[in-house]
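The values are calculated or read from the model by the stated rules, or taken from the named source; none is laboratory data. Being a predicted model, the structure only gives us computed values, none of them experimental. Because the Cβ atoms are built from the backbone with ideal geometry, glycine has one as well, and the counts that use them run over all protein chains shown. The accessibility values were calculated without ligands, DNA or RNA, using every heavy atom of the protein model including side chains. Shrake-Rupley method; radii C 1.70, N 1.55, O 1.52, S 1.80 Å.
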Amino acid sequence: DLDNIPPAMIQNCIQEHLSGVPRLNKLEAYYLGQHPILMRKMTKGLPNNRIVANHAKYIVDIAVGYVMGGPVKYEGEGIEDILEVFKRGDITSHDAELAKDLSIFGVGRELYYMTNDANPYPKAVLIDPRQIFLVVDDTVEHLPLFGCHFYEKRDISNTVVGYYVNVYTEREVIRYFVRDINGQDYEELGREQHYFGGVPIVEFWNNEEQQGDFEQQIPLIDAYNVLMSDRVNDKEQLVDAILKLKGVSLGDDEEEASRTIQLLKEYKVLELPGNSDADAGWIIKNLSEQDVEVLRKAIRDDIHQFAMVPNLTDEHFAANASGVAMKYKLLGLEQLAIIKERYFKKGLRQRLKLFANVLSVKGKAVDVSNVTITMTRNLPANDMEAAQMITQLNGIV
């Protein structure tokens, strides 16, 4: 009975959802630049540079910017009312944030509700995927049964005193309060009917596996960070070379030796005895910069190749490349965009359906079955090439 879901079921669903939260925390940390290299410890006295080359953020920002280059366009007859609602709710900015969640976490979830102003209208809000989930049935269509959104309740001293749990069914919102998220002492706070004609939570996927755009490249990103950090460490150790003396004494005791070292630093002169055994030199670490650079480029190229997001600062991206040549270089990114677009449109159609349901209650019937959804890429325009083509085809086409 979806109108009276047992607290034990809600608790079990929340626990299963929380089991996947550490993975989402890890993905967010990589996007924010909080990589494991920052926690690395070295032997005392050795250089310990911890360099983060945030390829994760680069991959996400480029992929999102390319796929969501312009606002999503909707074309169809009689959909003006929905487009007006989208405009009032600034759906363009919402879609950009949703696409970012998809690229980082591999999944994005939005919640729909009616505003409380004088002229209420349906609005979409993006919820952190760690605080909301959708429960579906066991059919091949995975139809939504109910959704759950939970978040902390804090007192005046900012201490967590419990959790609000909102359960969304096809007809109503059931609000609970529970002191322990792992317990079953759910206190029902009230019920409120909604008119979306379905569970007002839509889950968007980034791909079939629900993986982020950089998730499979995490080992390569870690390897790049370690390589760059060790490269700088080696440079520091080269600068901190050890002076080797043979057949020479700097002093009879520590104080005299320390004074001699200070004079060496000041005058840059070292006098050696006349015997043949006396010698001075530096003990340094031999560096093979060429080998390190080859390895660095190989790891960097693998990151971009497997993420299918090209390195736009690479020398291969010439400024004078033709439009066709540029498209070939972006072929991998275009394949990634096609997959993301296919799943994104699937969620958008579910959004249109729910918005049409609630507008029909207000007497604004909208048929969204034949709406065409268009997403444009964010590509630089080659105006010179277009002008030359127009000139050549003038009078022919």
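Annotations for the structure displayed:
- Stokes-Einstein diffusion of the range 1-75 at 25 °C, 0.890 mPa s viscosity, Kirkwood radius from Cα pairs, rounded to a whole number: 144 µm²/s.
- Surface composition of the range 137-198: carbon plus sulfur atoms hold 48% of the accessible area, using a 1.4 angstrom probe and ignoring ligands, DNA and RNA.
- Average accessible area per residue (Å²) across the chain - probe 1.4 Å, nucleic acids and ligands excluded: 59 Å²
- With a Förster radius of 35 Å applied to the C-beta separation of K246 and D222, the computed FRET efficiency comes to 0.25.
- Remark: the M9-I390 segment gains 130.7 nm on full extension, using 0.36 nm per residue and subtracting the alpha carbon distance.
- Enclosing the Cα atoms of the range 89-182 in their convex hull gives a volume equal to 165 cubic angstrom per residue.
- Model label points for V125 and T376, set 7 angstrom from Cα along the Cα-to-Cβ axis, are 3.2 nm apart.
- On Cα atoms only, tilt of 254-267 relative to the major axis of the chain in degrees: 80 degrees
- For the range 18-32, the Karplus equation 6.51 cos²θ - 1.76 cosθ + 1.60, evaluated at θ = phi - 60°, returns couplings of 5, 5, x, 5, x, 5, 5, 4, 5, 5, 5, 4, 5, 5, 7 Hz by residue, with Gly and Pro reported as x.
- For a straight C-alpha distance cut-off of 16 angstrom, the aspartates and glutamates reachable from K297 (same-chain residues fewer than eight places away being disregarded) are D222, D230, E289, D314, E315.
- Globularity ratio of the chain, using Cα Rg and 2.2 N^0.38 Å: 1.44
- Panel values: the range 106-151, Kirkwood radius from alpha carbon pairs, Stokes-Einstein at 10 °C and 1.306 mPa s, translational diffusion coefficient 128 µm²/s.
- Peptides 40-47, 170-177 ranked from most to least packed by the mean count of surrounding Cβ atoms within 10 Å: 170-177, 40-47.
- Globularity ratio of the range 287-397, using Cα Rg and 2.2 N^0.38 Å: 1.70
- Mean projection area, nm², convex hull over Cα of the range 210-305: 10.1 nm²
- Model label points for A298 and E187, set 7 angstrom from Cα along the Cα-to-Cβ axis, are 6.3 nm apart.
- Protection proxy ranking, peptides 64-74, 146-156, average beta carbon neighbours within 10 Å, highest first: 64-74, 146-156
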